[in-house]
Ligand SMILES: [Zn+2]
């Protein structure tokens with residue numbers, strides 16, 4: 001990374017030396033000049049220059065900054081677009097062991113079979129093979145991979161391939177045999193084991209993949225450490241400078257502390273959600289929301305209320321489209337949901353809750369409001385991790401009244417179009433992953449990716465156009481302006497981690513987390529937003545990513 005810094009500095013140091021000294025100028029580390037800088041300050045002003053010293057912004061303005069400051073390193077942005085680093089306030093980042101295959105870019109079942117067969121060859125018979133990220137919406141065969149496909153590819157290895165989104169997976173016969181699951185196995189109390197038209201298992205299990213996956217040897221943190229570090233650093237390529245990791249076990253937080261201890265300043269800032277245990281266990285953990293430093297902090301408690309639409313298992317008020325009674329399912333008994341929300345609220349934790357269906361959202365909001373009535377909190381910032389099926393007006397009013405926020409994933413409208421069209425209809429389809437409606441009720445809305453896919457420009461494209469992958473527009477009245485979408489992906493995300501005073505906008509005193517794009521996001525034709533590339537990413541005043549074109553400049 002240091003190498004990039006040197007290349008960029010070469011030209012600019014000269015520029016700084018040539019400049020006439022006009023009165024005493026303040027020395028700073030870096031001066032960005034000649035940019036189009038979306039500051040996301042309260043006036044949404046556009047600046048052209050930013051002065052940075054150590055890891056903070058010291059001044060924001062125009063050409064006058066060149067008279068006021070003398071910099072070790074002057075970066076001429078050449079008119080390019082700069083904004084605060086993206087804050088992805090709901091994502092899942094994990095390292096993977098050797099048995100794992102990345103399926104995010106696969107576009108056919110044939111391709112998947114090839115990857116699985118190759119991995120079987122590499123690992124030898126009997127070894128588990130896992131994969132993540134397939135989606136039937138992009139498969140050339142226009143269907144999901146099924147048990148028979150995996151049996152052909154790897155008859156002698158148990159295989160589990162998880163769909164993008166994580167709410168279902170397909171297993172081969174060897175895996176189902178090991179788990180002793182067959183046609184006579186009773187359905188689990190949530191999710192489901194699928195059968196085909198002839199009543200045979202097709203290999204797909206919704207939501208309750210754990211009934212098989214508990215057999216997969218758990219890799220040690222050390223086995224996946226290097227891979228996790230790579231995944232974290234990869235965020236910089238997308239312009240992401242802060243993430244909220246949406247759920248780990250308390251005992252794994254030590255691994256994050258270890259990694260961040262080793263790589264201070266070279267990883268995106270992280271806010272880590274923790275799965276609730278018991279009040280005593282959480283006390284024993286010894287940390288709470290907000291503990292940590294500007295690199296790594298303990299985030300909110302994570303709790304699942306329902307599943308998602310990829311399973312599908314989102315819990316809805318009306319049956320799914322074309323179904324007489326299937327409405328998805330709760331992930332826990334209602335009494336358990338009440339208990340966790342109450343305990344965590346009372347113990348002073350922030351809560352970040354997974355709720356996708358309208359029934360799940362309404363139940364969650366009622367539970368949060370009851371918990372807050374019982375134990376009021378001054379600045380709790382509880383929020384919903386998703387908001388796919390828009391709840392009633394009454395629920396949205398209640399959210400505004402109790403200060404319950406949302407981190408929304410507009411990219412779902414794009415990526416999951418196929419699922420929504422299949423399972424939803426009418427208003428609930430049009431208003432999927434609503435943005436404008438909750439904002440109109442006064443609800444705080446941040447924007448995030450939830451890895452479907454990670455990549456803020458997909459989210460911004462979908463927030464602005466409301467388009468699915470087919471080009472169909474859903475609920476155009478839910479669309480945001482580009483500036484609002486940027487704010488959702490920056491400052492509003494910082495608020496969710498109580499850090500709006502420290503990051504999320506380009507203002508004096510804030511951390512110099514910045515991203516330079518290769519085109520002007522504000523004036524680009526919205527249709528082409530997804531084609532915009534990240535040129536540079538800066539974390540705390542240090543260049544942590546520069547694109548190849550950038551390095552060649
Ligand atoms: Zn998630």
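The values are calculated or read from the model by the stated rules, or taken from the named source; none is laboratory data. As the structure is a prediction and not an experimental result, all values here were calculated from the model. Note that each Cβ is placed from the backbone with ideal geometry, even for glycine, and that neighbours are counted across all protein chains shown.
A few points about this structure:
- Qualifying residue in the stretch 498-517 (condition: within 30 Å of residue 427 (Cβ to Cβ) and touching a helix residue (DSSP H, G or I) at 6+ places or on another chain (Cβ under 7 Å)): no
- Residue match in the stretch 122-143 (condition: within 16 Å of the ligand (Cβ to nearest atom), modelled with pLDDT of 95 or more and in contact with a helix residue (DSSP H, G or I) (Cβ under 6 Å, 6 or more places away or on another chain)): no
- Helices (runs of 4 or more DSSP H) wholly inside the stretch 398-506 that include at least 1 residues being within 16 Å of the ligand (Cβ to nearest atom) and buried (at least 21 other Cβ atoms within 10 Å of the Cβ): 411-415, 417-423, 456-465, 491-496
- Residue in the stretch 388-398 that is touching a residue at least 40 places away in the same chain (Cβ under 8 Å) and within 18 Å of the chain's Cα centre (by Cα) present: yes
- Residue 311 modelled with pLDDT under 95, over 18 Å from the mean Cα position of the chain (by Cα) and more than 16 Å from the ligand (Cβ to nearest atom): no
- Residue identified as surrounded by fewer than 18 Cβ atoms within 10 Å (Cβ to Cβ) and within 30 Å of residue 246 (Cα to Cα) among 89, 94: 94
- Only one of the numbered conditions (1) in contact with a helix residue (DSSP H, G or I) (Cβ under 9 Å, 6 or more places away or on another chain); (2) surrounded by fewer than 17 Cβ atoms within 10 Å (Cβ to Cβ) is not met by residue 228, and that is (2).
- Failed condition for residue 73, given (1) part of a strand (DSSP E or B); (2) within 16 Å of the ligand (Cβ to nearest atom): (2)
- Residue check for residue 425: at pLDDT below 95 and either under 23 Å from residue 393 (Cα atoms) or in contact with a strand residue (DSSP E or B) (Cβ under 9 Å, 6 or more places away or on another chain) (or both): no
- Looking across the stretch 507-525, just one residue is closer than 18 Å to residue 447 by Cα and surrounded by fewer than 16 Cβ atoms within 10 Å (Cβ to Cβ), and that is 522.
- Looking only at the stretch 88-105, and only at residues there that are over 18 Å from residue 218 (Cα atoms) and assigned to a loop (DSSP other than H, G, I, E, B), the one that is farthest from the ligand (Cβ to nearest atom): 105
- Tally, over the stretch 303-335, of residues that are crowded, with 24+ Cβ neighbours inside 10 Å and not in a loop (DSSP other than H, G, I, E, B): 2
- Filtered residues of the stretch 237-253 (kept if more than 16 Å from the ligand (Cβ to nearest atom) and either in a strand (DSSP E or B) or closer than 29 Å to residue 351 by Cβ (or both)): 238, 239, 241, 242, 250, 251, 252, 253
- Applying the set (1) in a loop (DSSP other than H, G, I, E, B); (2) farther than 20 Å from residue 320 by Cβ; (3) more than 16 Å from the ligand (Cβ to nearest atom) to residue 391 leaves exactly one unmet item: (2).
- Within the set 226, 234, 252, the sole residue that is touching a residue at least 60 places away in the same chain (Cβ under 8 Å) and within 30 Å of residue 541 (Cα to Cα) turns out to be 226.
- Of all residues in the stretch 9-55, those being part of a loop (DSSP other than H, G, I, E, B), at pLDDT below 95 and loosely packed, with under 12 Cβ neighbours inside 10 Å number 5.
- Residue check, residue 108 away from the ligand (no atom under 16 Å from the Cβ) and either at pLDDT below 95 or surrounded by fewer than 18 Cβ atoms within 10 Å (Cβ to Cβ) (or both): yes
- Restricting the stretch 361-387 to residues that are in a loop (DSSP other than H, G, I, E, B) and under 20 Å from residue 408 (Cβ atoms), the residue that is farthest from the ligand (Cβ to nearest atom) is 380.
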